[in-house]
Amino acid sequence: MFIFTGITNSIAQNQTTATNKYEIAVDLQNFFSDGTPDKVLFKLNNIKNNQIKGAYRFGIGTSYWVDLYKITHDDENYELTAKQHKTDLSLSLGYEFQREYNRAIFYYGADLGTSLSRHDDIDFPNVNEYYKLFFVPFVGVKVLLNDNLAVAFEAGAENFVQWSKTEGSENFPDNRQYHLFYQSHFDLPYSLTFNFNF
């Protein structure tokens, strides 16, 4: 926040006109640790009187992970001893209201979405499925680097209902479990994005 404030104070105070209708925002929260973005947002700007008043947000996040574990006793023939699959998919829809000051844009809004996850372990066998519905009010600030590039930081209060289904376990392969719970927590950051406007 201090860096964003310093940048905006060093730029002359003027309102920019709206020339870009679309924006793609890549969430970098997990990019440096996992190598993949947490989600990608596609934004459709709401333009009135040649100014951007807000934006419709469409988000998608997905990942696929496979873990294979093989051992050998003769340095030639490897035996597969463990294999896990993890698949995750999230979708969200939202809207943000915007106010521009100098070349910083302050905004707030909410996202509504769902996520699906499936973890499959061939050892037991063991399959876990997770389903989540979430609602996230957020606030953020975006700093324009030039007419097409920006960085943005968001804080949000995530509220979600999640239910899961588990089939099998290490000691009880015939077990079936269902779990339902609600949680609310504050995310700081909710997203940290690199944005491209066009």
Checklist line | Matching residues in segment 63-113 - criterion: being among the aliphatic types (A, V, I, L, M) and closer than 13 Å to Val141 by Cβ | finding: Ala104, Ile105
Notebook entry, point to check: For segment 64-83, does any single residue satisfy the condition of being among the small types (Gly, Ala, Ser), closer than 26 Å to Gly156 by Cβ and either touching a residue at least 24 places away in the same chain (Cβ under 8 Å) or not in a strand (DSSP E or B) (or both)?
Noted result: no
Next item on the list: Taking the residues in segment 149-198 that are of a type in the set (Gly, Ala, Ser) and under 15 Å from the mean Cα position of the chain (by Cα) as candidates, determine which candidate is modelled with the lowest pLDDT.
Entry: Ser191
Item checked: Residue check, Phe124 modelled with pLDDT under 95, surrounded by fewer than 16 Cβ atoms within 10 Å (Cβ to Cβ), on the phi < 0 side of the Ramachandran plot and touching a Gly at 6+ places or on another chain (Cβ under 7 Å) -> yes
Check: If you go through segment 50-72 one residue at a time, how many are open to solvent by 90 Å² or more (accessible area, probe 1.4 Å) and more than 24 Å from the chain's Cα centre (by Cα)?
Finding: 3
Note to self: Within segment 73-93, take every residue that is open to solvent by less than 80 Å² (accessible area, probe 1.4 Å) and polar (S, T, N, Q) and give me the one that is nearest to Gly109 (Cα to Cα).
What the structure shows: Ser92
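The values are calculated or read from the model by the stated rules, or taken from the named source; none is laboratory data. Every value quoted in this text rests on a predicted model; they were computed, and no experiment measured them. Don't worry about glycine lacking a Cβ; one is built from the backbone with ideal geometry, like all the others, and counts go over all protein chains shown. SASA here: full protein model, heavy atoms, side chains in, ligands and nucleic acids out. Shrake-Rupley method; radii C 1.70, N 1.55, O 1.52, S 1.80 Å.
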